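We did not get these values from a lab; they are worked out from the coordinates using the rules stated. Owing to the predicted nature of the structure, the values given are computational and were not obtained by experimental measurement. Cβ placement follows ideal geometry from the backbone for every residue including glycine, while neighbour counts extend to all protein chains displayed.
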Amino acid sequence: MDKTKQTNPNLPVLCAAQVQSAMMSPVQQQIAQATRSRPGQPTKRTPELIDVILDQIADGRSLLSVCQADEMPGYSTFNRWCREDPELLAAVDMAYEFHARTLDDIADDILSGGVGSTGNLMRDKERVAHLRWRLGKLNRRFRDKVQMDVVQHQPVILDMSTIMGEGGDGV
């Protein structure tokens, strides 16, 4: 009897997706869970639905969190819509402009001890540092400014007789 074909009846049979999931790190599993396709989610694109999504992005929510709501399309569905429609992609870019402004306001609120503050100074400083770093990635208005000095060098033409001179040392 061929021993390679025998299986242990006490071990569960795993499908390929389960094996792949077991090999992923916890962070990869969370990302896969958050961005997975969700059968039954509304995929009918309407102008009203797009307006709601863009408004929520502009209000500071991430696209990932917006797409987690049951009445919203899946994350991958919305990204597909953006790939297929340049006008939608431009509208999303504009929403992220306002998203950056909202995050800047949130950072200011945290630093001033407002509603977004946790009351823990070190934690608030870390949150604001992260927000400011993220703002620099989202919008060039919030990037660290780099000063560059441009110096122009003029060519100098020397006469060989001046260089050689009488003493050979250029004098």
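Would you tally the net charge around D108, using a Cβ to Cβ cut-off of less than 14 Å, leaving D108 out, and scoring K and R as +1, D and E as -1?
Values: positive: R101, K125, R127, R132; negative: D104, D105, D109, D124.
Net charge around D108: 0.
Can you tell me the equivalent ellipsoid semi-axes for segment 36-133? Use √(5λ) from the Cα gyration tensor, largest first, whole Å. It would help to have the intermediate numbers written out before the result.
Working: eigenvalues 186, 43, 23 Å².
Semi-axes (√(5λ), whole Å): 30, 15, 11.
Which order do the peptides 85-95, 102-112 come out in when sorted by mean C-beta neighbours inside 10 angstrom, highest first? Mind dumping the intermediate values first?
On the way: 85-95: 13.8, 102-112: 16.0.
Highest mean packing first, the order is 102-112, 85-95.
Q154 to R45: extension gain in nm, 0.36 nm per residue of separation minus the Cα-Cα distance?
On the way: separation 109, 0.36 × 109 = 39.24 nm, distance 6.11 nm.
Contour length minus Cα-Cα distance gives 33.1 nm.
Where does the charge balance sit around A90 when Lys and Arg score +1, Asp and Glu -1, over other residues with C-beta under 14 Å from its C-beta? Don't skip to the answer; put the middle values down first.
Working: positive: R83; negative: E84, D85, E87, D93, E97.
It works out to a net charge of -4.
Once you list every other residue whose beta carbon is under 14 Å from the beta carbon of S117, what net charge do they have if Lys and Arg are +1 and Asp and Glu are -1?
On the way: positive: R123, K125, R127; negative: D105, D108, D109, D124, E126.
Taking every other residue near S117 into account, the sum is -2.
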